[in-house]
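Just so it is clear, none of the values below were taken in a lab; they were calculated from the coordinates. For clarity, every value in this text was computed on a predicted model and none was experimentally measured. Don't worry about glycine lacking a Cβ; one is built from the backbone with ideal geometry, like all the others, and counts go over all protein chains shown.
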Amino acid sequence: MKKVLVAGATGYLGRYAVQEFKNRGYWVRALVRNAEKAKQPGPYFAPAIDTIADEIFVGDATKPETISEVCNGIDVIFSSLGMIKPDFVHSNFDVDYQGNMNILNLALKANVKKFVYVSVFDAHRMMNIPNVQAHEKFVRELQAAKIESAIIRPNGFFSEIGQFVARAKRGYMIWVGDGYQRQNPIHGADLAKVCVDAMEGTEREVEVGGPEVFTYHEMVDLACEIAGAKPALIPLPFWVADGLVNMVGLFNPDVRDVALFATTLSKIDIVSPKHGTHRLRDFFEQCKTLGN
Ligand SMILES: NC(=O)c1ccc[n+]([C@@H]2O[C@H](COP(=O)([O-])OP(=O)(O)OC[C@H]3O[C@@H](n4cnc5c(N)ncnc54)[C@H](OP(=O)(O)O)[C@@H]3O)[C@@H](O)[C@H]2O)c1
């Protein structure tokens, strides 16, 4: 039985990855910072992992002394470890780059056979964003290292739009620009299947999105329909959004980086190869039950 280390195991994608590796017969070690978090379900219906994983390894990838044995006995590694929102302690380079480098260095010493890493789709169009720069710096190191690797390049996850139904119920929704840019977001369970396929296949880079393409406008309309609400829709012109991003940057560069990601995405079509079966309508219906 192959032994896999899942890093980022308490995240939205990491939880589904733990589940999918188990479904395919792997022995799974989950790297988590907080064992209690592993016992709780994750955001937007992602499963609790403490009863699914074979071993919970408590450690923090940004603190090498806490993970020195994490690769012992491991055959392959999957990492969706990364910082998607500022924690006001670490930078993206501390987590996405250095955290993953710390794991890679241990993997090389432990003769791990393969490392599958999650970056972003169309990174080359978003290299102005520190989060993407940090991901791609690690990608270059991984691809140059003496280990088999695969890079997953996903579109946005359903978890990023899980708030839409709640926002519709609150009475107003804001979007940047005209809202006509297209994207195909993906459910964590569908993406986890693609990630495990990549572990078992030979492709070195895998671009992936969900089965349906929407404009931002259409996603908002769908959320409003499901919420049964008619919120005020407030478009924010690009020049206003860009000005706000720059202003925020004067006070807090970390928040600026997240806002920059959002404004960059709202200016371009991001449609990646379609995978999976989970429909946004069903996900939004499920979100409606959250009652927030
Ligand atoms: N979300 C999207 O739409 C999207 C789209 C494309 C690519 N991606 C990339 O896919 C990856 C996974 O995304 P996700 O949505 O599953 O993220 P997530 O839910 O935030 O999970 C991130 C994981 O990284 C860990 N982590 C975060 N900050 C850390 C730190 N300072 N030190 C140690 N560990 C830390 C988290 O641990 P804790 O649970 O302990 O916080 C968690 O296990 C990320 O690298 C992201 O950039 C995401």
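Could you grab the Rg to Rh ratio for segment 15-54? Cα atoms only, Kirkwood for Rh. Could you put the intermediate results ahead of the total?
Values: Rg = 9.5 Å, Rh = 10.2 Å.
That ratio equals 0.94.
Straight-line reach from Lys288: taking Cα to Cα under 23 Å and skipping same-chain neighbours fewer than 8 places apart, the lysines in range are Lys169, Lys230.
With the convex hull of the Cα atoms taken as the outline of segment 135-291, the averaged projected area works out to 10.7 nm².
Give me the orientation-averaged projected area of the Cα convex hull of the chain, in nm², one decimal.
Working: hull surface 58.3 nm².
Directional mean of the projected Cα hull area for the chain stands at 14.6 nm².
Our note on the geometry: Cα centres of segment 226-292 and segment 176-193, 10 Å apart. Where is the GNM fluctuation largest for the chain (alpha-carbon springs, 10 angstrom cutoff): Met126, Met247, Met199? Between Met126, Met247, Met199, it is Met247 that shows the largest mean-square fluctuation. Compute the long axis of helix 238-251 from its Cα atoms, compare it with the longest principal axis of the Cα atoms of the chain, and write down the angle in degrees, 0 to 90, nearest 10. Around 50 degrees separate the two axes.
With 24 Å as the limit, the listed pairs Lys22/Lys137; Lys113/Lys193; Lys39/Lys109; Lys63/Lys85; Lys2/Lys137; Lys3/Lys146 have Lys22/Lys137; Lys39/Lys109; Lys2/Lys137 beyond it between alpha carbons. If R0 equals 45 Å, the separation of the Cβ atoms of Tyr172 and Lys274 corresponds to a calculated FRET efficiency of about 0.90.
The dipole here belongs to the chain: it is taken about the Cα centre, uses +1 on the Cβ of Lys and Arg and -1 on the Cβ of Asp and Glu, and is about 260 debye.
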